[in-house]
Amino acid sequence: MTALSLAIGASLLGQTAFAQTTKPTQAPERKIFTAQDQAAAIIPAFPDARFFADSLEDFRRALPERRGPWLALSAGGEDGAFGAGVLTGWSGKGRPEFAAVTGVSTGALIGVYAFLGASYDAMLEGAYTTINSADVFEAAGTHESLVDAWPLRRLIDRAITSKVLRDVADAHDGGRRYFVVTTNLDAGRPIVWNMGAIARRASGEALALFKQVLLASSSIPGVFQPTLIHVEGQGGVFQELHVDGALASPFYVAPEGVRDLPISELYILVNGKLNMDFGMTQRKVLPILGRSLSLALKAGERGAIATWTGWARGGGIDLKVANIPEAFKLESRGSFDPDYMKALFAEGQRSAKWGAPFEVRVTATSDSAENAIARLPR
């Protein structure tokens, strides 16, 4: 569903006024490589760091060693404030230690803290309640993007410390897994990164790659710059171009057709609503594009949830889904509006503290896939 990341980017640009100037630098040429080179490409220091998202064999090799609850975190940009609020509010009610956490786009950034547990709640709250658009992008185009994402790069650089890396590595060595999805534009396929396998190398190179992957997963194509990742293949050393993981799906659980996963229950946290609110659309290119592609985003989310609802029922796995409630009506005044994000964080936190943010879609002992799918918002 290629509209997913574009919807976020077009919406961001449709809400934001900026001087659309272009920096004079030109994109340096990359070394030419072939499909055969790409198929053989590895990062020598991290041979077990990644695999194609649709590779069942590689996925099974990377699975956590113990059965337990899984958490899948979706894309959503500034709406990630909702997911951050849910997770911090949930901590006080006994948030489980997840056997696996998967993250796409903003979900990848949340995923670091979700994976590491309640001791990182303060950092998670700060990441989504103390920033504004200037912390994410500069309103000036580059040779390969409409805005410059150097502030986001700086934000990630400050957030991901050597201690974070050690803690991720320790959790990985304890049998748990943290997966992040990027899209390899050259291969035309999503890539799953085993972040614990990277972290356990405990080196400056590991820290740099960890940050690169998080940046790439959040790099909306055409809006933010893509991320270059150095690899080696049959043709020697070359650079792959990686962008937002949400190009493939709004969230990631496993390759299609997978069965018998070590999952006791599956939580899907959608950083957004499942329906569009009414809104008058400006007769300008970017607002029209943003509104139209956002419709595709919502349809993609509902479709993915329906798919995993049927899968969970067939595998006898509890499935629970949380998303921004339709009753939340506050509108953002622009991209990464601090007041909007704080209110959304508070909504997520309140729902977790005093209610049940996750709606039960399927239980292992009752319901039917057909009835659960029928309950999806239209």
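The values are calculated or read from the model by the stated rules, or taken from the named source; none is laboratory data. Being a predicted model, the structure only gives us computed values, none of them experimental. For neighbour counting, all protein chains shown are included, and Cβ atoms are generated from backbone atoms with ideal geometry for every residue, glycine included. Quick note on the areas: whole protein, heavy atoms, side chains included, nothing else; ligands and nucleic acids left out. Shrake-Rupley method; radii C 1.70, N 1.55, O 1.52, S 1.80 Å.
Worth a mention:
- All positions within the stretch 168-186 that are under 15 Å from the mean Cα position of the chain (by Cα) and among the hydrophobic types (A, V, I, L, M, F, W, C): F179, V180, V181
- Count of the stretch 252-299 residues which are of a type in the set (D, E, K, R) and touching a Pro at 6+ places or on another chain (Cβ under 7 Å): 1
- R201 buried (at least 17 other Cβ atoms within 10 Å of the Cβ), among the charged types (D, E, K, R) and assigned to a loop (DSSP other than H, G, I, E, B): yes
- Selection within the stretch 291-332: residues that are among the charged types (D, E, K, R) and farther than 22 Å from S105 by Cβ. The member of this set that is least open to solvent (accessible area, probe 1.4 Å) is D318.
- Restricting attention to the stretch 335-362, the residues being surrounded by fewer than 22 Cβ atoms within 10 Å (Cβ to Cβ), more than 13 Å from I131 (Cβ to Cβ) and of a type outside the set (S, T, Y) number 11.
- Checked against (1) within 24 Å of V231 (Cα to Cα); (2) open to solvent by 20 Å² or more (accessible area, probe 1.4 Å), E78 passes all but a single condition, namely (1).
- Looking across the stretch 155-190, the residues that are closer than 21 Å to F98 by Cβ and free of Cβ contacts under 8 Å to residues at least 40 places away in the same chain come down to K163, R166, A169, D170, H172, D173, G174.
- If you go through the stretch 111-151 and keep only what is open to solvent by less than 10 Å² (accessible area, probe 1.4 Å), within 22 Å of D339 (Cβ to Cβ) and at pLDDT 95 or above, you end up with just L124.
- Cβ-Cβ distances below 8 Å connect the following pairs, each with a first residue in the stretch 274-293 that is within 22 Å of I324 (Cα to Cα), a second residue that is open to solvent by 60 Å² or more (accessible area, probe 1.4 Å) and among the hydrophobic types (A, V, I, L, M, F, W, C), and a separation of six or more residues or different chains: M276/L295; T281/I288; L293/L6.
- Residue list for the stretch 36-57, restricted to those being charged (D, E, K, R), open to solvent by 40 Å² or more (accessible area, probe 1.4 Å) and in contact (Cβ under 8 Å) with a residue 60 or more places away in the chain: D48, R50, D54
- Just one of the listed residues (A254, A356) is part of a loop (DSSP other than H, G, I, E, B), under 22 Å from the mean Cα position of the chain (by Cα), over 20 Å from G77 (Cβ atoms) and of a type in the set (A, V, I, L, M), namely A254.
- All of (1) surrounded by fewer than 22 Cβ atoms within 10 Å (Cβ to Cβ); (2) not in a loop (DSSP other than H, G, I, E, B) hold for H242 with one exception: (1).
- Pairs linking a residue in the stretch 344-364 that is within 15 Å of A306 (Cα to Cα) to a residue that is open to solvent by 70 Å² or more (accessible area, probe 1.4 Å) and part of a helix (DSSP H, G or I), with Cβ atoms under 7 Å and 6 or more positions apart or on different chains, are V362/R313.
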